[in-house]
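Data first, discussion second: the structure below is written as structure tokens.
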């Protein structure tokens, strides 16, 4: 029996962002942009979607005089990611 | 990376694995430069202090190690500001604490030995059973080897670990053989093997 996959996480870029944040306490916007290879505009849109769902917290601050956007995964996001991985397992087991 | 939503389970797992691996690789990449910086500083100061010790007034010049620490911290902070952002994670935090512990122990030990060197404390009271000799270079070399090996193990980098074990253990015994100013040259060699060479190798390995 297939478990439903969270549509918010079942997207290449949003899943990559969540996977980067899962192993970090926090990450800055340029780091996520560089690692995912996404454009700034597209990444901003996807971060907003994750933030609106409560999966990540986005903090806009300053590093010296430069603006700096810091992203962190929230407990809700962590739980959603765990559930997503669990759901993925059902697809893999069936595929064997 | 585009906004694809028709992923297979395999592709999803691949994205998760790649992203976590990228994050770890970014951490390793950033560890090379501080190793080269601190290793080079130790080499320069060790050679300088060894020269001054031999030609201009003896071991009192060891106070320059405290100057090196200050120069190192200032330089490190400047590098931190210029480098590309790295995610703050448990790996970076643990490595930072390992080196902070190393710094605290070495500065504490060095400070007490300096007090004895300036006559504020007596060597007899500090080390009565060892003939007034405290093998500080051996101890610091050993501690440096341990801190560097731990860093290599946390980063799962064999080069750092192997170089650090060799530097720490061999440096400990070789420094014991040279109680005079020459021990600082041993310290310089340990810094090259335990910090500079692994730092350069890490930089080469992680270059894209």
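The values are calculated or read from the model by the stated rules, or taken from the named source; none is laboratory data. What you see is a predicted model, and the numbers here were worked out from it, not measured in a lab. Here the Cβ positions follow ideal geometry from the backbone for every residue, glycine too, while neighbour counts run over all protein chains shown.
Hey, could you check the range A:73-93 for residues that are modelled with pLDDT of 90 or more, within 12 Å of chain B (Cβ to nearest Cβ) and in contact with a helix residue (DSSP H, G or I) (Cβ under 7 Å, 6 or more places away or on another chain) and say which is nearest to residue A:48 (Cα to Cα)?
A:73
Using the structure shown, decide if residue B:60 is surrounded by fewer than 17 Cβ atoms within 10 Å (Cβ to Cβ), within 14 Å of chain A (Cβ to nearest Cβ) and not in a loop (DSSP other than H, G, I, E, B). Break it down into steps so the answer makes sense when it comes.
Values: surrounded by fewer than 17 Cβ atoms within 10 Å (Cβ to Cβ): yes; within 14 Å of chain A (Cβ to nearest Cβ): no; not in a loop (DSSP other than H, G, I, E, B): yes.
No, not satisfied.
Filtering the range B:79-88 down to residues that are surrounded by 11 or more Cβ atoms within 10 Å (Cβ to Cβ) and more than 18 Å from residue B:160 (Cβ to Cβ), which residue is farthest from the other protein chains (Cβ to nearest Cβ)? Quick ask: steps written out before the conclusion?
At the first step, the residues of the range B:79-88 found to be surrounded by 11 or more Cβ atoms within 10 Å (Cβ to Cβ) are B:79-80, B:83-88.
Still in the list and also more than 18 Å from residue B:160 (Cβ to Cβ): B:79-80, B:83-85, B:87-88.
Values: B:79: 15, B:80: 11, B:83: 11, B:84: 7, B:85: 4, B:87: 3, B:88: 5 Å.
My answer is B:79.
For every residue, the table says whether it meets (1) assigned to a helix (DSSP H, G or I); (2) without any contact (Cβ under 8 Å) to a residue 60 or more places away in the chain.
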{"site": "A:10", "(1), (2)": "no, no"}
{"site": "A:21", "(1), (2)": "yes, yes"}
{"site": "A:57", "(1), (2)": "no, yes"}
{"site": "A:62", "(1), (2)": "no, yes"}
{"site": "A:69", "(1), (2)": "no, yes"}
{"site": "A:80", "(1), (2)": "yes, no"}
{"site": "A:85", "(1), (2)": "yes, yes"}
{"site": "A:89", "(1), (2)": "yes, yes"}
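For the range B:134-156, indicate whether the set of residues that are part of a helix (DSSP H, G or I), free of Cβ contacts under 8 Å to residues at least 12 places away in the same chain and under 20 Å from the mean Cα position of the chain (by Cα) is non-empty. Don't jump to the end; show me each part of the working.
Initial filter on the range B:134-156 (part of a helix (DSSP H, G or I)): B:136-154.
Now drop any that are not free of Cβ contacts under 8 Å to residues at least 12 places away in the same chain, which leaves B:153.
Among the residues that remain, those that are also under 20 Å from the mean Cα position of the chain (by Cα) are: B:153.
Yes, the range B:134-156 contains a residue that is part of a helix (DSSP H, G or I), free of Cβ contacts under 8 Å to residues at least 12 places away in the same chain and under 20 Å from the mean Cα position of the chain (by Cα).
Identify the single condition in (1) in contact with a helix residue (DSSP H, G or I) (Cβ under 9 Å, 6 or more places away or on another chain); (2) at the interface with another protein chain (Cβ under 8 Å from one of its Cβ atoms); (3) surrounded by fewer than 18 Cβ atoms within 10 Å (Cβ to Cβ); (4) within 23 Å of residue B:21 (Cβ to Cβ) that residue A:26 does not satisfy, given that it satisfies every other one.
Only one criterion is unmet by residue A:26, namely (1).
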